[in-house]
Amino acid sequence: MPLMQKFDVIIIGSGIGGLVTATQLAAKGAKVLVLERYLIPGGSAGYFERQGYRFDVGASMIFGLGHDGTTNLLTRALSAVNVSLETIPDPVQIHYHLPNGLNLKVYRAYEKFLDALTAYFPHESRGIRSFYDECWKVFNCLNSMDLLSLEEPRYLMRVFLQHPLACLGLAKYLPQNVGHLARRYIQDPQLLKFIDMECYCWSVVPANMTPMINAGMVFSDRHYGGVNYPKGGVGQIAQKLVEGLVAAGGKIQYRARVTEILIEDGIAVGVLLADNQIYRAKRIVSNATRWDTFEKLLVQQEMPLNEKKWQQRYEKSPSFLSLHMGVKAEVLPRGTECHHISLEDWEKMTAPGGTIFVSIPTLLDPDLAPPGYHIIHTFTPQWYADWRSANSRCAPQSLSPSEYEAKKKVAASSIINRLEKIFPGLNAGLDCLEVGTPRTHRRFLGRQDGTYGPIPRRKLHGLLGMPFNRTAIKGLYCVGDSTFPGQGLNAVAFSGFACAHRIAVDLGFS
């Protein structure tokens, strides 16, 4: 039997939620070990390099790196372990290219954005301001308090006594979805579809299924802290957190694939690695998805009832077809913005391949590409089931290796042709192309079906259905996008702060 090492906390996975949990606990003096199956940290917030380009694995639109208030969670997480990042502010969050000629930029300046939107819908000027001002009410409540564990009674009492009105305000919005509130102020069907897209572009569901708490954060923080890109790429966030973790006495081990969470007498006590190494700890944190955690890492255990109920309410979000492209600089028209969303038909917004997301981070940090070239990262939702291999159990939908490569080529060509409308000459200007499918995301990120988190199966009451960090198994916690408050780097950072706070209280470090 290999030597068993003992820690205060073991964290499975080095996504941003896991790293924030780790750094917060290490800063408090806990003995922390992070186990990462891949070669570098970050998960979907990682990077890879090809032909002189440094590509972000996932999205390049980053919230949480501002300097004011309490919602700048990535900045706070870095500061807790005495590290920092140089960032580049983006004056435009998104440039929308939508049906019926709705070509709109979401400016960092709030009034400028409202003016631009009102120019398309002058008859809804009052409703537009009322709706987005209501989002600010949510944000101002969040931004007035430290965001820690909602499972810790003393914290809740302290925050309520310090900020009673803000707490009551959040309690009001907690069960609400965006669609209900939008329809209170807005009647124009096209404008309501725009609100749907405003939600879909980060929640992967339309407004009537998007929690108001999350929308209040996104729709307001883009004008408050703003979108800020890390110099050197998104992967620098995880790299800096690891640097701070190690300096604070924590450890991270790469190529360390956890195959089982060890349970003794109903308590999580350790983990087993693929190489049969065993590590033990007082607390175990899974930064894997809840599906991977309870269906793969706890195979010897019956799934807790509350997890079964959660899976009845939520399903896996789609994965993505991703194109990482290096292109000649002349492909980009003068005045091109960093982030774009393109949709030709409102009826196809949520369909696989319907909405196209685009990021061009080299417009903010040219050093990510060779001189005279830019990076275009474009992605569109796709279901894993449509890309299954011939080795999968679902033979009727399987693809042989040659069929898989052919399908990738056709899908990539279709996306590039659609983007030619925004970037004329894109195909001719290609210098480098890497195509990733849901299978790619599943393989490299270790996420079931390549999913990027949970989405509600039906309309729910805001965030009330999302689980917190503690699980029904004593000693086991979850962190990341399948815990409150959900998807997005700033959201999983919130989850990390909350998880670390709850564990620190449980172990006496707080």
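The values are calculated or read from the model by the stated rules, or taken from the named source; none is laboratory data. Model, not experiment: these values are computed from the prediction. Every residue, glycine as well, gets a Cβ built from its backbone with ideal geometry; the counts of neighbours run over all protein chains shown. Surface accessibility is based on the protein's heavy atoms, side chains included, excluding ligands, DNA and RNA. Shrake-Rupley method; radii C 1.70, N 1.55, O 1.52, S 1.80 Å.
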Accessible heavy-atom area order of 509, 320, 113, 444, highest first, probe of 1.4 Å: 444, 509, 320, 113
Carbon + sulfur, % of accessible area of the chain - ligands and nucleic acids excluded, 1.4 Å: 52
Å² per residue, accessible surface of the stretch 1-118 at 1.4 Å: 37
Residue 402 accessible area, assembled protein chains, probe 1.4 Å, Å²: 80
Relative contact order [Cα under 8 Å, 6+ residues apart], the stretch 58-206, whole percent: 17
At R0 = 45 Å, FRET efficiency that the Cβ-Cβ distance of residue 119 and residue 165 yields, to 0.05: 0.80
Other-chain or far-sequence residues with amide H under 5 Å of residue 177's (modelled H): 212, 462
The stretch 231-273 and the stretch 121-156: distance between their alpha carbon centers, rounded to Å: 33
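Can you pull out the GluC sites (Glu not before Pro) in the stretch 276-313 whose DSSP state is coil and whose Cβ has at most 15 other Cβ atoms within 10 Å? Spell out each step's value before the answer.
Details: sites: 295, 302, 307; in loops: 302.
For GluC sites (Glu not before Pro) across the stretch 276-313 that sit outside H, G, I, E and B with at most 15 neighbouring Cβ atoms in 10 Å, the list reads 302.
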Exposure rank, largest accessible area first [384, 173; 1.4 Å]: 384, 173
Normalised contact order of the chain, rounded percent, pairs of Cα under 8 Å and 6 or more residues apart: 25
Nonlocal amide H pairs with residue 431, under 5 Å, H built at 1.01 Å: 326, 327, 328
Accessible-area value, residue 449, 1.4 Å probe, nucleic acids and ligands omitted, Å²: 50
Estimated vicinal HN-Hα couplings, Hz - the stretch 73-84 in sequence order (Karplus 6.51, -1.76, 1.60; Gly, Pro = x): 5, 5, 4, 5, 5, 5, 4, 4, 10, 6, 10, 8
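Residues with beta-carbon under 14 Å from that of residue 166, excluding residue 166: net charge, scoring Lys, Arg +1 and Asp, Glu -1? Before the final figure, lay out the partial values.
Working: positive: 137, 158, 172; negative: 146.
With Lys, Arg at +1 and Asp, Glu at -1, the neighbours total +2.
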Assigned charges on the beta-carbon of Lys, Arg, Asp, Glu; the chain dipole about Cα centre (debye): 920
Cβ-based charge dipole, the chain, positive-most Cα from 17, 236, 150: 150
Cα centroid separation - the stretch 441-470 against the stretch 71-116, whole Å: 24
Residue-normalised accessible area of the stretch 358-510, expressed per residue, 1.4 Å probe, Å²: 42
Amide proton proximity set for residue 15, modelled H, under 5 Å, gap of 5+: 42
DSSP-loop trypsin sites (Lys or Arg not before Pro) across the stretch 198-291, with at most 12 other Cβ within 10 angstrom: 255
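Below 8 Å, C-alpha to C-alpha, sequence gap of six or more: please give me the relative contact order for the stretch 216-365 in percent.
Reported relative contact order: 15 percent.
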Summed side-chain charge close to residue 230 - residues other than residue 230 whose Cβ falls under 9 Å, Lys, Arg +1, Asp, Glu -1: 0
The stretch 301-335 versus the stretch 476-510: alpha-carbon centroid distance in Å: 21
³J(HN,Hα), Karplus 6.51/-1.76/1.60, whole Hz, each residue of the stretch 161-174, x for Gly, Pro: 5, 7, 9, x, 5, 5, 5, 5, x, 5, 4, 5, 8, 3
Sequence of 200, 452 from largest to smallest accessible area, 1.4 Å probe: 452, 200
3J(HN,Hα) from dihedral phi, the stretch 298-315, Karplus parametrisation 6.51/-1.76/1.60, rounded to Hz, x for glycine, proline: 10, 5, 7, 10, 6, 5, x, 4, 5, 6, 4, 5, 4, 5, 6, 8, 10, 10
